[in-house]
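Taken together, the values in this text are just the output of simple stated rules run on the coordinates, not laboratory data. Quick caveat, the model's predicted, so the values are computed rather than measured. All Cβ positions, even for glycine, are placed from backbone atoms using ideal geometry, and neighbour counts span all protein chains on display.
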Amino acid sequence: MATPAVPEADAIRKEEVIDLTSRMRPDGTLEWTPPPGRWTVIRLGCSLTGARNNPASPEATGLEVDKLSKPHVKAYFDNYLGQYQDTVGELMGRRGLQYMITDSWEAGVQNWTDDMFAEFARRRGYDLRPWIPALTGRVVGSAEASDRVLWDFRKTIADLTVENHYDQLTALLRERQMGRYTESHESGRAFIADGMEVKRNADIPMSAMWTAGPNQNTERYDADVRESASVAHIYGQNLVAAESLTAGSGAWSFSPETLKPTADRLLAMGLNRFVIHTSVHQPVNDKIPGLGLGPFGQWFTRHETWAEQAKVWTTYLARSCYLLQQGRFVADILYFYGEDSNVTALFAGRSPEIPAGYNFDYINADALESRLSVADGRLVTPSGMSYRLLALDPNSRHMSLSVLRKIRDLVQAGAAVVGPKPVDSPSLRDDPAEFKAMADALWGGATGKGKVYGGQSVAEALAALSLAPDFNYGRPQGDTRLFFVHRRLKDGDLYWVNNRNARAEVLEAGFRTAGKAPEIWHPDSGLVEPAAYRTAEGRTLVPLRLEPNDALFVVFRGPAAAPSRSLAVQTEAVLAALEGSWDLSFQENRGAPAKIVLEALSPWNEHPDAGVRYFSGTAAYRRTLAVPAGWQKAGTKLWLDLGDVKNIAEVSLNGQPLGTLWKAPFRVEITPAVKAGDNLLEIRVTNLWVNRLIGDQQPDAGRKFTYTAQPFYRADSPLLPSGLLGPVHIVRTALGSGQAN
């Protein structure tokens, strides 16, 4: 917020600010005879902030280093990395420890360093000393001039933080054949520096997204993840990582199905490498579920109840990431957010006003000035990115003169720009007259080959450019909501599409590509299948069925033989409901009886036997499945549909494993294993640790089966639904005579 104007008589005249440093004696007394008049003497010093690194063990805890000082930072990291070198020897670098992660900034705010005066003068072009009273809240010259000095002061802090801490760390690590993963703000942390600049020289830019929960809104992390993705796209790093799926509550209460919407949101924002937070070392087998990082998870360790079933989940993440690392990200819009704030502060919990169907990257002043040029009317970068429109956020109305000059050059070369006219520069070193003349010319129509769409929205500018959406879709249920990512391949296009609703969606999606036949790639199963399609006005329209919270890839590779393709529609019929009793046997040493008989499916947490009610682990359902000969017909498939499962199910029929089911729909094909007559069906269901942890807190609990480093649940904490909930059906599918295109 700007400093309110003050009367000229109340402002300090810059010429009357005297540096008395040389008059200070070693004993702290001042040797100075003031000229006639009324004087205020300000004595300023600097000290450590008192911030200490955390979390860390006591022997590894100490004061934070001066992150603005190149020699101090170098001394710190040389010592730190040297200790690793002494310990691991040759196992550091390409043959061993390869990367360091700098976590989100939690060191507090620093505003001074030893050579601040020299650094300020070198970077800003004038002496800070006469303006020092402005740092104490006084007005020097005028409120406007003081604000500009304060902006220059903060910009100097930001530059020193980026160059002396982060950029230097990259250089020090490369001397040791190591690389850097770097987070910065996460979500609104105090930090005087630009988040994109912090990550610009990271080998792998990194961010964070916590899991959705009672006290967490994952949308507030969108900006942080997209910031890292924008850095990777513009500065030329292909991998985008994130501290992923972190939780601050609900210990051991997450399954792959409940984690998937958060993971998919990360992918939608540009992530293509998960760094799951956390996987704490579990050194023993008799303390389960074991150790944690205080109250924080994921609790993704070998003692998780579903650890043995985790491959289906990690395979889904791996396939998705691998495909989203291919080719180059496609975006139509570069979004410049200004120079005095961060993406995570400006867009915490909201997104820029980008029309549906278009994707975008953020851009900062550094990248705008050093990375952008124009080719054939498009904004391009040395990394190979290409954009159609530069959008200016309202926050950029106070714009440095160097950025305005660059925008002028881009427009003269043919770029399209949309946004409000900048009103002034926030820096004291910039010439206001030159700024005004340049802004008036650009927003007055003198634009050269390009065009400035002043006073218009991004949507209006895109319409003026006749640029159709990259992706669109019908909304058959009104609130249908899909995310998408588009990657351009050497031989085609890859679109990732994600259903954000917990229900199935059947719709037609449009893609801004033509001439290639689409395929559907399923990252959960690895299945690749042809898709029906039709082309219209340079777009390919593809009918899609997306299961609840589903994600799939629509890939355009081979040439289309025709302008449309129809495929037979699959029909299905329910053949039987598996009602009646089930034999149920429980994992040992978890407090449950060895075996029980369920007369009908019901949740374990509602069972009258406390051992069943508080059970956590894996239990096997068994029964005989009688299959009439008429169920099996040529050209058809038989499926087992389990209905609802809490939380993971492994299905085998007649001793043949058929797969692990971890999300809706919990359905598996049984055709390869089924036979006419009696079949032995086994369904192994794994729930979560929560119920057993609650059971061990009961007043009458005898033996405790679990161990945690701190209590997470009380005796009256609510139990989680667990087990095979059903209803269970046998379903037959066949390709019908209908056509879809």
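Observations on the structure shown:
- Over the chain: helical MRE at 222 nm, DSSP H runs n ≥ 4 each giving -39500 (n - 2.57), nearest 500: -6000 deg cm²/dmol
- Under 20 Å from the Cα of Lys287 - lysines, other chains or at least 8 residues apart: Lys704
- Efficiency of FRET from Cβ geometry, Asp678 and Arg350, R₀ 60 Å, rounded to 0.05: 0.55
- Positive-end extreme of charge dipole, the chain - chosen from Pro563, Val417, Trp39 (charges on Cβ): Pro563
- The chain: C-alpha gyration tensor shape, a/c 1.5 cut-off, then a/b vs b/c: oblate
- Phi angles across the range 405-420 convert, under the Karplus curve 6.51 cos²θ - 1.76 cosθ + 1.60 with θ = phi - 60°, into 3J(HN,Hα) values of 4, 5, 4, 4, 5, 5, 5, 4, 7, x, 7, 9, 10, 10, x, x Hz, Gly and Pro given as x.
- Partners for Lys449 among lysines (Cα-Cα distance below 16 Å; same-chain residues under 8 apart left out): Lys406
- Working note: Karplus 6.51/-1.76/1.60 with θ = phi - 60° gives the range 88-103 the couplings 9, x, 6, 7, 9, x, 5, 9, x, 5, 10, 9, 10, 9, 9, 6 Hz, where Gly and Pro are set to x.
- Net charge dipole, the range 61-206: roughly 260 debye, given to the nearest 20, about the Cα centre with Cβ charges of +1 for Lys and Arg and -1 for Asp and Glu.
- ³J(HN,Hα) computed for each position of the range 248-253 - Karplus, 6.51 cos²θ - 1.76 cosθ + 1.60, integer Hz, glycine/proline x: x, 7, x, 3, 6, 10
- Three-way shape call for the range 437-497 based on the alpha-carbon gyration tensor, with the a/c threshold at 1.5: oblate
- Amide H contacts of Thr571 (H built 1.01 Å from N, in plane; Pro and chain starts excluded): Ala734, Leu735, Gly736 sit under 5 Å, all sequence-distant by 5 or more or on other chains.
- By the count of neighbouring beta-carbon atoms within 10 Å, fewest first, Ser47, Ser566 end up ordered Ser47, Ser566.
- Here Gln98 and Val569 are evaluated by their C-beta separation; at R0 = 56 Å the FRET efficiency comes out at 0.65.
- Amide H contacts under 5 Å for Gly414, placed H, 5+ residues apart: Lys449, Gly450
- For the chain, the residue among Ala576, Met206, Pro432 whose Cα projects farthest onto the positive side of the dipole built from Cβ charges is Ala576.
- Charge dipole (debye, nearest 20) of the chain; +1 at Cβ of Lys and Arg, -1 at Cβ of Asp and Glu: 1360 debye
- Rounded Å value of the spacing that divides the Cα centres of the range 337-396 and the range 225-279: 22 Å
- Restricting the range 402-467 to trypsin sites (Lys or Arg not before Pro) in coil, as DSSP defines it, with at most 16 other Cβ within 10 Å: Arg429, Lys449
- In the range 109-201, the trypsin sites (Lys or Arg not before Pro) that fall in loop regions by DSSP, at most 12 other Cβ within 10 Å: none
- Taking Cα centre as origin and charging only the Cβ of basic (Lys, Arg, +1) and acidic (Asp, Glu, -1) residues, the dipole magnitude of the range 1-115 rounds to 80 debye.
- Shape of the range 323-392 from the C-alpha gyration tensor: oblate (a/c of 1.5 or more and a/b not above b/c, with a ≥ b ≥ c the square roots of its eigenvalues).
- Between amide H atoms placed 1.01 Å from N, distances below 5 Å from Ile101 occur with Tyr181, all of them 5 or more places distant or on a separate chain.
- Antiparallel content of DSSP bridges confined to the chain, in %, to 5: 75 percent
- Among Gly108, Ala193, Leu91 the positive-end extreme of the charge dipole of the chain (Cβ point charges): Leu91
- The alpha-carbon of Lys311 sits under 16 angstrom from the alpha-carbons of these lysines, leaving out residues fewer than 8 places away in its chain: Lys260, Lys663.
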